[in-house]
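Okay, so here's the structure we're looking at.
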Amino acid sequence: MALQEASGAGPAGRTSPGRPASTGSRPDGDGSAPGQRPSLAVVQEAGNRIAANIERVIDGKAEVVRLALVVLLAEGHLLIEDVPGVGKTKLAKALARSIDCSVRRIQFTPDLLPSDVTGVSVYNQESGDFEFRPGAVFANLVVGDEINRASPKTQSALLECMEERQVTVDGVTYVLESPFMVVATQNPIEMEGTYPLPEAQRDRFTARVSMGYPDAAAEMVMLVDHAGSDPLETLEPVSTATEVRALIAAVHGAHVSDAVRRYAIDLVNTTRRSADLRLGASPRATLQLLRAAKALSALEGRSYVLPDDLQRLALPVLAHRVLPTAEAQIARRSTDGIVADIVRRVPIPRSVEAPPVRAAPGR
Ligand SMILES: Nc1ncnc2c1ncn2[C@@H]1O[C@H](COP(=O)(O)OP(=O)(O)O)[C@@H](O)[C@H]1O
Ligand SMILES: [Mg+2]
């Protein structure tokens, strides 16, 4: 598997595209063979295997790595937001390398065009016809590096593909192959030369995570292990696109009780009513919170979602979608802090109905 690069340098800087999806066709469900949904123990084993591989190159960030896998199995997209030099790009590349699938990396720059992302129809003199040259988004894993350095127009081209999982160019629709995950990195919005992502676009990301500095012990391991050569260069895939599709199908089978669903709605509703927020979380957020919770429970080998899963995911899934009021901003309250308060305040369902003995069919 080669990490392909597309940059703002224009078409000359691009390598051949990933696998374009067939024109006009619909994705075939979750893409896995029927009747082959693996058990949740298999999800746990595969998750641990992929996480261990990534952690060979990213030190001291087990929680962040876990969240990246949650998003992958929840069929979502991940936004890694943090200051320069904390391993954002490295995490995105390590995830991409760990799975044998098509990968493209887009370095976002101010001169990157929407068509670099989506693709373009070009006239072929020989055939006398137009042919489609797929853009950088045609891959299973798309690493969008420093996404907030591109113009809003180019950002929105990517974000449209993320939501629709398809690309329309000159009236023809191309479906993106499953799995399809965008891992975008960005520097904090206060940094110079950035175009902040509008709320509507942040909402497309299932989760936002900040790397944070490694602790002293992890930084020591980094210095010792990575001093000579970069272990990323020799990182081998430990999973495949086919396996990931099967894992995603298994996650669909995790059971969610009505009590847990109500709890998710309560959490999200409280963000909408909070006096500290002028924009609460959307219904898309509620859906993605539950999907992520299913993936987390499956990664822990559990066939049903617990309120605890929602509590653990509330910050990464909700905090980047809400906006603080002017007062909260002046008081320097972070949206993370506000969401954490909400999680503490909203009562946890006292009894969660026991899941059926056999894993329930997916809901
Ligand atoms: N937690 C970490 N574990 C291993 N290496 C790290 C970690 N944090 C930073 N690094 C190292 O720091 C350098 C910068 O990482 P990079 O991914 O390019 O940062 P960013 O994209 O956040 O600017 C890389 O050489 C990477 O190996
Ligand atoms: Mg980077």
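Coordinate-derived values only; no laboratory data. Since the model is a prediction, treat every value here as computed from it, not as a measurement. Cβ coordinates were reconstructed from backbone atoms using ideal geometry, including for glycine residues, and neighbour counts include every protein chain displayed.
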For this session: Would you mind putting 254-262, 327-335 in packing order, based on average other-beta-carbon counts within 10 Å, highest first?
Result: 254-262, 327-335
For this session: Before anything else, pin down the relative contact order of the chain: Cα pairs under 8 Å, at least 6 apart, normalised by residue count, whole percent.
Result: 23 percent
Problem set entry | Simple Cβ-charge dipole of the range 150-262, Lys/Arg +1 and Asp/Glu -1, about Cα centre, in debye nearest 20 | 540 debye
For this session: Normalise the Debye intensity by I(0) for the range 25-248, one equal point scatterer per Cα, no solvent, then take log10 at q = 0.12, 0.17 Å⁻¹ and round to two decimals.
Result: -0.68, -1.25
For this session: Note the full-extension length gain between Ile348 and Thr240 as 0.36 nm times their separation in residues minus their Cα-Cα distance, in nm to one decimal.
Result: 35.1 nm
Exercise. What is the calculated FRET efficiency for Ala52 to Ala340, with r their C-beta to C-beta distance and R₀ = 35 Å, to the nearest 0.05?
Worked result: 0.75
Exercise. Using alpha-carbon positions, what is the distance between the centroids of the range 224-251 and the range 49-72, in Å?
Worked result: 9 Å
Seminar exercise, completed: Protection proxy (average C-beta count within 10 Å per residue), highest first, orders 43-54, 220-231 as 43-54, 220-231
Seminar exercise, completed: Relative to the compact-globule estimate 2.2 N^0.38 Å (N residues), the Cα gyration radius of the range 256-345 stands at a ratio of 1.09
Exercise. Add -39500 (n - 2.57) for each DSSP H run of 4 or more in the chain, then divide by its residues: what number comes out at 222 nm, to the nearest 500 deg cm²/dmol?
Worked result: -12000 deg cm²/dmol
Problem set entry | Distance in nm between pseudo-label sites at Glu126 and Arg272 (7 Å out along the Cβ direction from Cα) | 5.7 nm
Problem set entry | Cα-based helix-to-principal-axis angle, 88-98 vs the chain, degrees rounded to 10 | 80 degrees
Problem set entry | Over the range 256-345, relative contact order from alpha-carbon pairs under 8 Å, at least 6 apart, % | 33 percent
Seminar exercise, completed: With the charge dipole of the chain built from beta-carbon charges (+1 for Lys and Arg, -1 for Asp and Glu) about the Cα centre, the Cα from Pro349, Ile248, Leu267 projecting farthest to the positive end belongs to Pro349
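Please compute the length gained on full extension between Ala217 and Asp258, using 0.36 nm multiplied by the number of residues separating them and subtracting their Cα-Cα distance. Spell out each step's value before the answer.
Values: separation 41, 0.36 × 41 = 14.76 nm, distance 4.30 nm.
10.5 nm is the gain from fully extending Ala217 to Asp258.
What is the range 77-212's relative contact order, in percent, from Cα pairs under 8 angstrom and six or more apart in sequence?
The value is 38 percent.
Work out the length of the dipole vector of the chain about its Cα centre, built from +1 on the beta-carbon of each Lys and Arg and -1 on the beta-carbon of each Asp and Glu, and round it to the nearest 20 debye. Provide the component values of the computation, followed by the final result.
Details: 40 positive and 44 negative charges, 249 e Å.
It works out to roughly 1200 debye.
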Exercise. Got a sec? Which residues in the range 293-322 would a label at Glu45 touch, if it sits 7 Å along Cα→Cβ and we count backbone N under 15 Å?
Worked result: 299-302
Exercise. Rounded to two decimals, what is Rg over Rh for the range 158-265 when you use alpha-carbon atoms and the Kirkwood radius?
Worked result: 1.04
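Just to confirm the filter: which GluC sites (Glu not before Pro) across the range 87-175 are DSSP coil and have at most 14 other Cβ within 10 angstrom of their Cβ?
Hits after loop and neighbour filter: Glu126.
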